[in-house]
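Novice: Take a look at the following structure, please.
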Amino acid sequence: MLQMGSAITLCEFQREERRLATLEATGILDSEPEPAFDAITRLAAQYFRADTVLLGFADESRIWIKSYWGEAVRELPRIDSTFEMVLAEDGPVVVPDVSRCAETGRRALPLRRLCPASFASVPVRSREGEILGVLSVFACQPRRAMALDELRMLESLAEMVSAQLELRRIKRNCQCASVHALKPAKCAEAGWPTSDDLLRALEQRQFVLYYQPEVELVTHRIVGVEALIRWEHPERGLVCPADFIPFAEESGLILPLGDWGLAEACNQIQSWCSEDPGHSSLRVCVNLSARQFAREGLTDHVEALLQRAGVASRQLGLEMTESSLMPSNHIAVEVLGDLHRLGVSLLMDDFGTGYSSLNYLHSFPFDVLKIDRSFVSRMTQGEQPLQIVRTIIELARALGMDVVAEGIETREQYALLRKLGCRYGQGFLFSPPLPAQRMTECLRLPGRVLPGPEGAEALCN
Ligand code: C2E
Ligand code: MG
Ligand code: MG
């Protein structure tokens with residue numbers, strides 16, 4: 001039953017039905033309080049010096065608070081709430097001085113327990129434009145009217161919430177399976193490889209690292225390199241990580257394999273730097289798996305490897321996905337803090353594919369966000385994937401992080417990313433992963449500048 005204080009029209013009723021159906025599709029109301037949104041309420045609180053920030057979604061009668069800053073609130077009656085005001089306005093509501101509300105004809109506020117003297121509320125909309133919830137900042141003091149760019153900031157934060165909701169909806173529809181979900185490849189026959197196969201391959205040094213350049217999009221200069229493991233199998237040829245990493249994880253052999261990879265990458269950095277000391281500005285990134293991450297003494301191990309190879313910590317980057325942090329969430333903050341203090345770069349890989357990406361950003365000291373290639377590949381196909389990429393870039397900017405777009409394959413994707421202000425990227429458009437020797441040749445290019453994607457610059461103007 002709607003409890004909106006007055007008789008409603010058929011049109012309002014239909015709007016309400018649509019709203020509730022969309023909310024249901026996101027599953028947000030049934031979820032636990034949403035720490036994924038804490039980065040946003042925290043940012044809003046800092047930016048507006050607010051005493052309380054609430055992010056909530058409204059069902060028929062209540063506002064369910066999914067993240068708060070300041071006052072701990074779980075739910076509020078919807079009647080006479082700021083949500084109703086935003087709904088009535090069909091847009092933001094800014095009240096610099098609540099005591100003057102009566103004069104301006106507004107109804108008294110319901111938030112007596114917060115006793116705000118001023119507040120601003122903006123809608124959180126669905127992709128179709130329906131108002132699903134509200135992001136509100138409250139202050140105990142009356143404040144001057146909000147400047148336009150301040151209001152714009154609040155609206156951007158609400159847009160980030162909308163993008164995150166949209167992600168939830170897509171994922172619930174299973175339309176957004178990560179391309180990198182490392183499931184054993186279909187072509188790999190059942191039972192292969194066994195742990196014996198993997199162990200033998202390790203002993204016989206059949207694993208190699210390929211390197212894919214990471215470029216600054218405007219200049220095409222190589223600023224970093226991602227190390228990607230391959231198995232040079234004597235009969236099967238070059239085997240991709242998706243075909244053996246899951247088995248290595250399962251069997252625990254990922255630990256010696258990961259150790260080998262880290263050591264190999266450190267030696268490679270050293271070798272590139274000894275050829276050209278200018279390469280000390282290059283960052284070589286290695287992917288870490290869940291088991292490696294959960295392993296005790298990881299930071300000490302990394303430090304020892306760096307020392308042994310004579311490499312500075314800032315030359316190494318460690319890439320982690322949300323799922324590799326998840327099983328050991330409680331220790332992740334500590335380990336990432338230690339790695340950060342050691343001075344290695346921390347990159348969040350495949351960003352956007354997990355449910356709680358925002359939460360991870362909020363709690364962990366990541367330097368770089370890597371936008372998953374599933375978003376990059378779809379961004380030219382419609383407004384909504386484009387909006388997700390735009391939001392990720394804005395979010396990273398707000399948090400002071402660098403962004404690397406993964407899997408850039410076309411000139412159109414390149415041009416769009418540049419327009420959105422994305423600074424770095426990697427993908428087949430620039431180069432596939434290369435054997436060490438060929439990567440060395442790329443690094444010898446004058447200024448480490450790769451040839452630009454033909455005609456792409458024209459698309460950027
Ligand atoms: P990732 O870290 O997200 O690596 C990016 C993947 O995207 C790589 O696949 C790369 O070859 C591919 N890629 C790069 N540019 C493009 C492009 O333009 N188009 C397309 N379609 N693909 C592109 P790869 O090498 O097969 O690696 C897959 C995943 O395996 C990696 O995803 C990473 O999660 C994991 N992996 C690779 N090496 C290691 C390793 O040494 N240790 C661990 N634990 N995992 C690794
Ligand atoms: Mg990676
Ligand atoms: Mg990735």
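The values are calculated or read from the model by the stated rules, or taken from the named source; none is laboratory data. Just so it is clear, the structure is predicted and the values come from calculations on it, not from any experiment. For neighbour counting, all protein chains shown are included, and Cβ atoms are generated from backbone atoms with ideal geometry for every residue, glycine included.
Novice: Being within 22 Å of residue 426 (Cβ to Cβ) and at pLDDT below 90 is true for just one of 385, 327. Which residue is that? Steps first, please.
Specialist: Working: 327 fails: within 22 Å of residue 426 (Cβ to Cβ).
Being within 22 Å of residue 426 (Cβ to Cβ) and at pLDDT below 90 holds for just one of 385, 327, which is 385.
Novice: Test residue 429 against the criterion of being of a type outside the set (Ser, Thr, Tyr), within 15 Å of residue 216 (Cα to Cα), touching a Lys or Arg at 6+ places or on another chain (Cβ under 9 Å) and not in a helix (DSSP H, G or I), and give yes or no.
Specialist: Criteria met by residue 429.
Novice: Within the stretch 225-240, count every residue that is within 16 Å of ligand 3 (Cβ to nearest atom), out of contact with any helix residue (DSSP H, G or I) (no Cβ under 9 Å at 6 or more places or on another chain) and either hydrophobic (A, V, I, L, M, F, W, C) or assigned to a helix (DSSP H, G or I) (or both).
Specialist: Count: 1.
Novice: What are the residues in the stretch 34-63 that are buried (at least 22 other Cβ atoms within 10 Å of the Cβ) and among the aromatic types (Phe, Trp, Tyr), if any?
Specialist: The answer is 37, 57.
Novice: Go through (1) modelled with pLDDT of 95 or more; (2) more than 16 Å from ligand 3 (Cβ to nearest atom) and name the single condition residue 249 misses.
Specialist: Unmet for residue 249, out of (1) modelled with pLDDT of 95 or more; (2) more than 16 Å from ligand 3 (Cβ to nearest atom): (1).
Novice: Also, I was wondering about something else. Identify all residues within the stretch 286-332 that are small (Gly, Ala, Ser), away from ligand 2 (no atom under 16 Å from the Cβ) and part of a helix (DSSP H, G or I); write none if there are none.
Specialist: 294, 304, 309, 313, 328, 332
Novice: Quickly run through the stretch 165-198 and pick out the residues that are within 19 Å of the chain's Cα centre (by Cα) and at pLDDT 80 or above. Give the derivation first.
Specialist: Just the residues of the stretch 165-198 that are within 19 Å of the chain's Cα centre (by Cα), to begin with: 165-172, 174-182.
Selection gives 165 alone.
Novice: Let me ask something else about it. Can you pull out the residues in the stretch 411-432 that are closer than 20 Å to residue 351 by Cα and within 10 Å of ligand 1 (Cβ to nearest atom)?
Specialist: Correct list: 413, 425, 426, 427, 428.
Novice: When the residues of the stretch 312-324 are narrowed to those that are at pLDDT below 95 and not hydrophobic (A, V, I, L, M, F, W, C), which ends up surrounded by the most Cβ atoms within 10 Å (Cβ to Cβ)?
Specialist: Taking the stretch 312-324 as the starting set, the residues that turn out to be at pLDDT below 95 are 320-324.
Restricting the remaining residues to those that are not hydrophobic (A, V, I, L, M, F, W, C) gives 321-324.
Values: 321: 26, 322: 20, 323: 17, 324: 21.
Applying the filter and picking the extreme gives 321.
Novice: Still on this structure, please answer the following. Restricting attention to the stretch 425-441, and to residues there that are of a type outside the set (D, E, K, R) and closer than 16 Å to residue 274 by Cα, which single residue is surrounded by the fewest Cβ atoms within 10 Å (Cβ to Cβ)?
Specialist: 437
Novice: Are there any pairs with C-beta distances below 7 angstrom linking a residue in the stretch 445-461 that is under 21 Å from residue 419 (Cβ atoms) to a residue that is of a type in the set (Ser, Thr, Tyr) and part of a loop (DSSP other than H, G, I, E, B), with the two at least 6 apart or on different chains, and if so which?
Specialist: 450/431
Novice: Just need a number here: residues in the stretch 378-435 that are within 16 Å of ligand 3 (Cβ to nearest atom), touching a Phe, Trp or Tyr at 6+ places or on another chain (Cβ under 7 Å) and under 16 Å from residue 160 (Cβ atoms).
Specialist: 5
Novice: Output yes when any residue across the stretch 436-457 is within 16 Å of ligand 3 (Cβ to nearest atom), assigned to a helix (DSSP H, G or I) and touching a strand residue (DSSP E or B) at 6+ places or on another chain (Cβ under 6 Å), and no when none is.
Specialist: No.
Novice: In the stretch 349-379, which residues are of a type in the set (S, T, N, Q), at pLDDT below 90 and in contact with a helix residue (DSSP H, G or I) (Cβ under 8 Å, 6 or more places away or on another chain)?
Specialist: Scanning the stretch 349-379 gives 353, 356, 357, 359, 363.
Novice: Among the residues of the stretch 280-306 satisfying the criterion of being near ligand 1 (Cβ under 9 Å from one of its atoms) and free of Cβ contacts under 8 Å to residues at least 40 places away in the same chain, which is nearest to the chain's Cα centre (by Cα)?
Specialist: Going through the qualifying residues, I end up with 288.
Novice: Could I ask something else about it? If a residue must be closer than 14 Å to residue 225 by Cβ and either within 16 Å of ligand 3 (Cβ to nearest atom) or small (Gly, Ala, Ser) (or both), how many such residues does the stretch 279-311 contain? Please lay out each step first, then the result.
Specialist: Taking the stretch 279-311 first, the residues closer than 14 Å to residue 225 by Cβ are 279-287, 311.
If we keep only those that are either within 16 Å of ligand 3 (Cβ to nearest atom) or small (Gly, Ala, Ser) (or both) too, we end up with 280-281, 283-287.
Selection size over the stretch 279-311: 7.
Novice: Here is a further query. Of all residues in the stretch 383-410, how many are within 16 Å of ligand 1 (Cβ to nearest atom), assigned to a loop (DSSP other than H, G, I, E, B) and hydrophobic (A, V, I, L, M, F, W, C)?
Specialist: Going through the stretch 383-410 one residue at a time, the tally reaches 1.
Novice: Further question on the same structure: Restricting attention to the stretch 272-279, does a residue exist that is touching a His at 6+ places or on another chain (Cβ under 8 Å), hydrophobic (A, V, I, L, M, F, W, C), more than 16 Å from ligand 2 (Cβ to nearest atom) and in contact (Cβ under 8 Å) with a residue 60 or more places away in the chain? It would help to see each step written out before you state the result.
Specialist: First, the residues of the stretch 272-279 that are touching a His at 6+ places or on another chain (Cβ under 8 Å): 272-273.
Now narrow it down to the ones that are hydrophobic (A, V, I, L, M, F, W, C): 272-273.
Next, from what is left, pick out any that are more than 16 Å from ligand 2 (Cβ to nearest atom): 272-273.
Still in the running and in contact (Cβ under 8 Å) with a residue 60 or more places away in the chain: 272.
Scanning the stretch 272-279 turns up at least one residue that is touching a His at 6+ places or on another chain (Cβ under 8 Å), hydrophobic (A, V, I, L, M, F, W, C), more than 16 Å from ligand 2 (Cβ to nearest atom) and in contact (Cβ under 8 Å) with a residue 60 or more places away in the chain.
Novice: What is the number of the single condition among (1) surrounded by fewer than 19 Cβ atoms within 10 Å (Cβ to Cβ); (2) β-branched (Val, Ile, Thr); (3) touching a Lys or Arg at 6+ places or on another chain (Cβ under 7 Å) that residue 404 does not meet?
Specialist: Of the numbered conditions (1) surrounded by fewer than 19 Cβ atoms within 10 Å (Cβ to Cβ); (2) β-branched (Val, Ile, Thr); (3) touching a Lys or Arg at 6+ places or on another chain (Cβ under 7 Å), the odd one out for residue 404 is (1).
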